[in-house]
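Below is one structure; the comments refer to it alone.
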Ligand code: ADP
Ligand code: MG
């Protein structure tokens, strides 16, 4: 099995807050790994460090074996290989769906506009939204906007997709269509690391679940084990609180 992402002993400190305390986690090719844990446990910070939106204070992150935390690594090159989608869908309101999706490939990664447009339309067609390519985001439902945000993250055919609580800003009836898209991506073999508070979804889609508490990875394993038969008291307490 090829390791796509390798996080080794990562620490992150904000002022006097030690937010990540030596996190190590691997994601293999075609694997889906779910991060669970209370609000403030460090899930988003870990994803942001992996996408080089935050520098790490210690430890190493490797993508396909290359140390991306090396100061000489080019962040644009790294981000071309790692797609990220956040909780709030972050589409630019003053740009059409198509313009949102093609913006970074054309203006950051220098993909020819016609090529980016063709790829965007193909991806939008796959999620049934090609006819909304010219629409502005406010015409789309929250679920449609979030699916467009996922498509935008797929434009560079990333090696790894990071998803940070992508359903938590959605009305409950819109959650299903976004989760279905993530399930489809899994079936196509997309390698993903996702933070979620949807335990049922984590159980269905994840090959491995990692429980974070206070910036520490307390327990990880197959979902049926971590969610069904947790070994660590802190995991048990967390699950007892939310279920
Ligand atoms: P989660 O995603 O699990 O809810 P976060 O990674 O967002 O957790 O936050 C972990 C901790 O780091 C929290 O205590 C949060 O307040 C703190 N934190 C996150 N980002 C910053 C920042 N830019 N500056 C200071 N503290 C931060
Ligand atoms: Mg978060």
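Considering each of 138, 171 in turn, give the residue that is under 15 Å from residue 89 (Cα atoms) and out of contact with any helix residue (DSSP H, G or I) (no Cβ under 8 Å at 6 or more places or on another chain).
On the way: 171 fails: out of contact with any helix residue (DSSP H, G or I) (no Cβ under 8 Å at 6 or more places or on another chain).
Just one listed residue meets the conditions, 138.
Would you point out which residue out of 56, 101, 27, 85 is closer than 30 Å to residue 133 by Cα and away from ligand 2 (no atom under 16 Å from the Cβ)?
Values: 56 fails: closer than 30 Å to residue 133 by Cα; 27 fails: closer than 30 Å to residue 133 by Cα; 85 fails: away from ligand 2 (no atom under 16 Å from the Cβ).
Answer to the check: 101.
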Among the numbered criteria (1) in contact with a helix residue (DSSP H, G or I) (Cβ under 7 Å, 6 or more places away or on another chain); (2) within 13 Å of ligand 1 (Cβ to nearest atom), which single criterion is violated by residue 61? (2)
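Take the conditions more than 21 Å from residue 123 (Cα to Cα), part of a loop (DSSP other than H, G, I, E, B) and away from ligand 1 (no atom under 16 Å from the Cβ) and apply them to residue 55. Does it pass? I'd like the intermediate steps shown before the answer.
Values: more than 21 Å from residue 123 (Cα to Cα): yes; part of a loop (DSSP other than H, G, I, E, B): yes; away from ligand 1 (no atom under 16 Å from the Cβ): no.
No: the conditions fail for residue 55.
Just name the residue that is nearest to residue 166 (Cα to Cα) out of those in region 24-52 that are part of a strand (DSSP E or B) and more than 11 Å from ligand 1 (Cβ to nearest atom).
Filtering region 24-52 down to residues part of a strand (DSSP E or B) leaves 24-28, 32-36.
Restricting the remaining residues to those that are more than 11 Å from ligand 1 (Cβ to nearest atom) gives 24-28, 32-34.
On the way: 24: 23, 25: 21, 26: 21, 27: 19, 28: 22, 32: 15, 33: 15, 34: 12 Å.
Looking at the filtered set, the residue picked out is 34.
FYI, it's all coordinate maths here, none of it is from the lab. Small disclaimer: the values here were computed from a predicted structure and weren't measured. Please note: Cβ atoms are built from the backbone with ideal geometry, for glycine as well, and neighbour counts cover all protein chains shown.
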